[in-house]
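Q: One structure is given below, represented as C-alpha cells, and several questions about it will come after.
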Amino acid sequence: CDDDPTAVRPEQLEGIWNATGLVAINAADDSEREDLIALGGSMVVNIEPDNRITVSFSVAGLTDSDSGTYTLDGNAIEMILDGDPVSGTFALDGNTLTMLLDEGVEWDFGSNGIDVPALLDMEFDRI
C-alpha cells in the first residue's frame, strides 16, 4: 500500500458508511440473487482509526453487530469480524464506497434454513 501513491489509505475510509445497495449472490449460481435492501435490510459500517471496524446489520428479522479489524492491500480488503475472516475487493469514489465480498459470506437463498457460500455486493454512502 505504501509503494502505490494512488492506493487508498486507511484514513480515507474512516467514518460511518450507510448501505444503499446490498445484494447477496449465490457463489455456485450467480443468477440466484437477493436484494437485501428490498427485503428491508440495512447495514451501517463504522471504520475507525487503527484499522478497527464495526458492522451493524439487520436483514430478514436478524439484527447483529460484529467488530474487528481490517487490512488493505491495493484494492483488496480483509476483515476479521468477531474472529471470522471475511474478504473481497473495494473501491472508493469520493463519498461512495463499494465492496464485493467473496470469502467468508453465506446466505440462505431458499429460506429453507440452509446457508450456502455467497458473494455480497455492497454500496455505501458516507454519512
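Q: Can you tell me which condition ARG33 does not meet? The list is (1) under 20 Å from TRP107 (Cα atoms); (2) open to solvent by 50 Å² or more (accessible area, probe 1.4 Å); (3) in contact (Cβ under 8 Å) with a residue 40 or more places away in the chain; (4) under 17 Å from the mean Cα position of the chain (by Cα), and all the others hold.
A: Unmet for ARG33, out of (1) under 20 Å from TRP107 (Cα atoms); (2) open to solvent by 50 Å² or more (accessible area, probe 1.4 Å); (3) in contact (Cβ under 8 Å) with a residue 40 or more places away in the chain; (4) under 17 Å from the mean Cα position of the chain (by Cα): (3).
Q: Name the single residue that is surrounded by the fewest Cβ atoms within 10 Å (Cβ to Cβ) among those in segment 115-127 being outside any loop (DSSP other than H, G, I, E, B) and aliphatic (A, V, I, L, M).
A: Out of the qualifying residues, it is VAL116.
Q: To continue, here is another question. Going through segment 54-79 one residue at a time, which ones are open to solvent by 40 Å² or more (accessible area, probe 1.4 Å) and of a type in the set (A, V, I, L, M, F, W, C)?
A: Across segment 54-79, the qualifying residues are PHE57, ALA60, LEU62.
Q: Here is a follow-up. When only residues in segment 36-53 that are over 12 Å from the mean Cα position of the chain (by Cα) and in a strand (DSSP E or B) count, which is surrounded by the fewest Cβ atoms within 10 Å (Cβ to Cβ)? I'd like the intermediate steps shown before the answer.
A: Within segment 36-53, the subset over 12 Å from the mean Cα position of the chain (by Cα) is 36-41, 48-52.
Checking which are in a strand (DSSP E or B) leaves us with 48, 52.
Numbers: GLU48: 16, ARG52: 14.
It comes out as ARG52.
Q: Being open to solvent by 50 Å² or more (accessible area, probe 1.4 Å) and part of a loop (DSSP other than H, G, I, E, B) is the filter here; which residues of segment 95-114 pass it?
A: Scanning segment 95-114 gives ASN95, GLY104, GLY110, SER111, ASN112, GLY113, ILE114.
Q: So VAL8 fits all but one of (1) within 19 Å of ILE127 (Cβ to Cβ); (2) open to solvent by less than 70 Å² (accessible area, probe 1.4 Å); (3) modelled with pLDDT of 95 or more; (4) in contact with a strand residue (DSSP E or B) (Cβ under 7 Å, 6 or more places away or on another chain); what number is the exception?
A: (3)
Q: I would also like to ask the following. Restricting attention to segment 80-94, and to residues there that are of a type in the set (A, V, I, L, M) and in contact with a Leu (Cβ under 8 Å, 6 or more places away or on another chain), which single residue is surrounded by the most Cβ atoms within 10 Å (Cβ to Cβ)?
A: VAL86
Okay, residues lined up against (1) more than 22 Å from GLU34 (Cβ to Cβ); (2) charged (D, E, K, R):
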position: SER56; (1), (2): no, no
position: ASP66; (1), (2): no, yes
position: GLY74; (1), (2): yes, no
position: MET79; (1), (2): no, no
position: ASP84; (1), (2): no, yes
position: SER87; (1), (2): no, no
position: LEU92; (1), (2): yes, no
position: ASN95; (1), (2): yes, no
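Q: To continue, here is another question. State which residue pairs qualify: first residue assigned to a helix (DSSP H, G or I) and inside segment 10-29, second residue open to solvent by 40 Å² or more (accessible area, probe 1.4 Å) in any location, beta carbons under 9 Å apart, and separation of 6 or more residues or different chains.
A: Cβ pairs passing all conditions: PRO10/CYS1; PRO10/PRO49; PRO10/ASP50; PRO10/ASN51; PRO10/THR71; GLU11/PRO49; GLN12/LEU92; LEU13/LEU92.
The values are calculated or read from the model by the stated rules, or taken from the named source; none is laboratory data. Predicted model only: the values in this text are computed from it and were never measured. Backbone-built Cβ (ideal geometry, glycine too); neighbour counts: all protein chains shown. We work out accessible area using only protein heavy atoms, side chains counted, and drop any ligands, DNA or RNA first. Shrake-Rupley method; radii C 1.70, N 1.55, O 1.52, S 1.80 Å.
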